[in-house]
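Below is one structure, written out as structure tokens; the observations come after it.
Here, each number is a calculation from the coordinates, and none is a lab measurement. From a predicted model like this one, the values you see are computed outputs, not experimental measurements. So basically every Cβ, Gly included, is an ideal-geometry build from the backbone, and we count neighbours across all protein chains shown.
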Amino acid sequence: LALWALDHRLTIHPLKTVCMLFHHPSHHPPDLEVFILNKKIPQVKKHKHLGVILSSTLTWSPHIDALISRSSAMLSALRHLCTHYYFSSRCLLKVYLSFIRPALEYGCISWCTCGLSEGSLRSSRQLESLQQKSLSICDLPPSSVLSLSQRRQSILVKLFHSLLENNVPEHLHDFCSWPFVADVTGRSLRNASAIRLPRPHSSVLLSSPLYLAASAYNFSL
């Protein structure tokens, strides 16, 4: 890896590099000994990359816990604006939509599967609870805005539309190879423009972002 980096005029900083071994939660991974430029690279169980916390067990609980912690602090600031500066409900809602909700949804394309397992369902409910608390501070009912899970589904549909129209980076043009129903049946059916999804034989495919995006796209037709 170090030689490859040198060949491409890149420099890997050993003190700013970590290694992580992804594994099933029930497995116990071995300790790795990775060296770059004669410096041992520490092995970690979670790492923040581009603002998204990756876990070695392939769960999003650490990332969502961090989102909840950060947004809870913002919630205190929203309450302060309400009690000390007497912002109107409309202004408080704008503050929530501009600062707090984007923090709750950061990187949600990666963790859109939140809510499909018991642990992630608990995290999803915590996110929804934070939104409801924010709306309560704004003196607005929960129905004032879409739920976070509904917004994540809407984002998935938009992503899949972009994939179908190749309105994505070139390396993602062939990311989805599933055919349309019309291409498979050769008949004009009501769902001809839907995607013919394979039957999932494991929870891995069922909870994958691409499968969820295609399912949300079909549901929106």
Under 18 Å by backbone N from the virtual spin label 7 Å along Cα-to-Cβ at L210, the residues of segment 159-184 are 159-181
Hey, what number do you get for the chain at 222 nm if only DSSP H runs of n ≥ 4 count, each worth -39500 (n - 2.57), divided across all residues, to the nearest 500? -13500 deg cm²/dmol
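Between rounded, prolate and oblate, where does segment 132-221 land on the alpha carbon gyration tensor, with a ≥ b ≥ c its root eigenvalues, rounded for a/c under 1.5, else prolate if a/b exceeds b/c?
Details: a/c = 2.24, a/b = 2.05, b/c = 1.09.
It comes out prolate by the Cα gyration axes.
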If I stretch the segment between T17 and A77 completely, what's the gain in nm (0.36 nm per residue apart, minus their alpha carbon distance), one decimal? 18.1 nm
Name the longest site-free stretch of the chain, where the excluded sites are GluC sites (Glu not before Pro) in a DSSP loop with no more than 11 other beta-carbon atoms within 10 Å. 34-164
Using the Cα centre as the reference, give the magnitude of the dipole from point charges on the C-beta atoms of the chain (Lys, Arg: +1; Asp, Glu: -1; all else neutral), rounded to the nearest 20 debye. 480
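Given a Förster distance of 30 angstrom, what is the FRET efficiency for F35 paired with H171, based on the Cβ-Cβ distance and rounded to 0.05?
With a Förster radius of 30 Å, E is 0.45.
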Set the Förster radius R0 to 35 Å, insert the Cβ-Cβ distance between S89 and I155 as r into 1/(1 + (r/R0)^6), and round the FRET efficiency to 0.05. 0.85
Choice from T57, T185, T11 showing the highest fluctuation, given a GNM over the chain with Cα pairs closer than 10 Å: T11
Pop a pseudo-label 7 angstrom from the Cα along the beta-carbon direction at both L164 and R70 and give the gap in nm to one decimal. 3.3
Spin-label point model (7 Å from Cα, Cβ direction): what's the E105 to H24 distance in nm? 3.6
Answer label for percent of Cα pairs over 28 Å apart (calculated), chosen among [x] 49; [y] 29; [z] 44: [x]
